[in-house]
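Just so it is clear, none of the values below were taken in a lab; they were calculated from the coordinates. What you see is a predicted model; the values in this text were computed from it and never measured. We place every Cβ from the backbone using ideal geometry, glycine too, and count neighbours over all the protein chains shown.
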Amino acid sequence: MTDHLIGLLLGAEEDWPQAFEATLRMVGPIHHGGEVHRLTSERLTIEPFRLTDPVRTPLVIDRLAYWYYHPREWLKKAALVNGTYLLNSPFTFQSMEKHSAYCAMVRLGLKVPETTLVPYKNPVDNVRWAYTAERYNQPFDLDRLAADLGYPLYMKPFDGGGWRGVSRVNDPADLHRAYDESGEMLMHLQATIDYEHFARALSIGPETMVMDFRPDQPMHNRYAVSHDFLSASAGWQAVAISRVVNAFFSWEFNSAEMLVSGDEVYPIDYANACPDVAITSLHYYFPWAITALVRWSTYCLVTGRRPNLDLRTNRYFAIADNPDMSYEDKLAAYLGLADEYFESDRYWEWCGTHLGHLEEQVYEWVGSDAFDRILRETVAATYPPHEHDQFLAHFRGLIQLWLDDNGSRAGRPAS
Ligand SMILES: Nc1ncnc2c1ncn2[C@@H]1O[C@H](COP(=O)(O)OP(=O)(O)OP(=O)(O)O)[C@@H](O)[C@H]1O
Ligand SMILES: [Mg+2]
């Protein structure tokens, strides 16, 4: 018997960890490679550690380290010293923020809106600044840069997230106001895309769900339940670009944002490490997300998949530099590399053999009182008392819709 312990590194959330724990109990024992494998999970705690300490959890799902640095540094030690498999590796997420993802996608010939990085508005806090600026900072004409991109445009932090510091800039007065307010944030100016759909793709390993996102709505209403909202071509590109960027950076649990107009797909935000998977945001898509997290973790542990930190970007660049290939050809070739990275075919075949019962059991469970209890507790913890009934009814309706739609099998993501 081989035991595999999955570590959960958590912040304030209770809903998806409980769902994950319940779903993991539906897995196994699994017979693979002449052995019997058993999987369990445990919530990790934060404590002093020696750099040489052993790590008991060969795989860790992290929802904490993007803001809490002690566990982040523990993750790095676990990756380097102990070979722990991480969703996600902090190495590339910490250093490759939104801006780096733009750069990678520009290099691959994807349709990133025209983007300019401008120097800080306020001087950085460093005694050497005055001399350095005097000697090396070139004066620049902000109005010219903006006029070149055209109004309206977006000004937003190079490493943004959560709408912090994002402004839509309609004219020069807006431009100067937004820049003055940016202070010590480093800002991009970005051309506006007139879009019909905002596609948000959540990826877990080789599984990608492309969702119709309404950024202007309150959180509980942002993910619309609508299937086939993109053209066949745009839907394929959305899946392909998401999987390609994730494989490029070795990101295995990430959400990606694209603005879509007709068949044109413009990626705008591709670095959302260990994204929100709360039941109160994902609702209809929540059972899929939890199933995928369990499936991918199980696959990685039982098949002995090794964590990967070598980006080997030249393989992508060789495709990018091929003058005989069209945009679609290149995207298909990148997708081939991404599917190789994620072992996509082997994964689905393996899940068919070893986890064939999982979707049905998850389906039963989502219809049970145990699941409803998680929903009730999450609603009680998330909303003020006078809104409980309204939100409980709202989410129960969406979960029921999922049950109705998936009577025969649980929702499979776009492939
Ligand atoms: N180039 C663009 N063209 C049109 N709209 C844009 C553009 N860039 C950003 N937006 C709008 O601004 C919003 C926030 O932008 P962005 O996603 O880059 O910032 P963020 O801080 O990551 O926000 P979030 O956490 O909501 O993703 C987007 O949801 C979109 O509605
Ligand atoms: Mg964003």
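Within the range 247-334, the proportion of C-alpha pairs whose separation exceeds 21 Å stands at 53%. A cut-off under 10 angstrom between Cβ atoms defines the neighbours of SER203, and their net charge, with Lys, Arg +1 and Asp, Glu -1, is -1. Run the reach check for LYS156 against lysines, Cα to Cα strictly under 22 Å, same-chain hits fewer than 8 apart removed. What comes back? In chain and number order, the partners are LYS98, LYS111, LYS121. Computed extension gain for ASP216 through ASP310, at 0.36 nm per residue and net of the alpha carbon distance, reaches 30.0 nm.
Along its first, second and third principal axes, ordered by size, the chain spans 66, 52, 51 Å in Cα coordinates.
Taking each residue as 0.36 nm, the span from GLU349 to GLU184 lengthens on full extension beyond its C-alpha to C-alpha distance by 54.4 nm. Each stretch of four or more DSSP H residues adds -39500 (n - 2.57); spread over every residue of the chain, this sum gives -13500 deg cm²/dmol at 222 nm.
Ranked by how many other Cβ atoms sit within 10 Å of their own Cβ, fewest first, the residues GLU14, GLU35 fall in the order GLU35, GLU14.
Quick check on the exposure proxy: order CYS300, CYS351 from fewest to most C-beta atoms within 10 angstrom.
Listing CYS300, CYS351 from fewest to most nearby Cβ atoms yields CYS351, CYS300.
Label-to-label distance for TYR136 and ASN82 is 4.0 nm, based on points extended 7 Å past Cα in the beta-carbon direction. For the range 268-276, 3J(HN,Hα) computed residue by residue from phi via the Karplus equation (6.51, -1.76, 1.60; θ = phi - 60°) reads 10, 7, 10, 10, 10, 4, 6, x, 4 Hz, glycine and proline entered as x. Neighbour counts of other Cβ atoms within 10 Å put TRP163, TRP251 in the fewest-to-most order TRP163, TRP251. Taking amide H positions as modeled 1.01 Å from N, with prolines and chain starts lacking one, the residues under 5 Å from ASN254 and 5 or more places away or on another chain are SER203. Computed from the C-beta positions of ALA12 and ILE46 and an R0 of 22 Å, the FRET efficiency is 0.95 to the nearest 0.05. Counting Lys and Arg as +1 and Asp and Glu as -1 over every other residue whose Cβ lies under 13 Å from the Cβ of GLY397, the net charge comes to -3. Per the Kirkwood formula applied to alpha carbons, the range 2-95 shows a radius of gyration over Rh ratio, Rg over Rh, of 0.99.
Close amide H pairs (under 5 Å, H built 1.01 Å from N) link ARG214 with TYR223, ALA224, residues at least 5 positions away or on another chain. Kirkwood hydrodynamic radius of the range 1-159, from the reciprocal of the average inverse Cα-Cα distance over all distinct pairs: 20.2 Å. Each principal axis of the Cα cloud of the range 132-270 was evaluated for its coordinate range; sorted largest first, these ranges are 52, 31, 28 Å.
Given charges of +1 on the Cβ of Lys and Arg and -1 on the Cβ of Asp and Glu, with all other atoms neutral, how large is the dipole of the range 98-244 about its Cα centre, in debye to the nearest 20? My answer is approximately 420 debye. For the range 226-376, the Kirkwood radius over C-alpha pairs fed into Stokes-Einstein at 37 °C and 0.692 mPa s yields D = 187 µm² per second. Computed over the alpha carbons of the range 114-191, Rg followed by Dmax gives 12.8, 37 Å.
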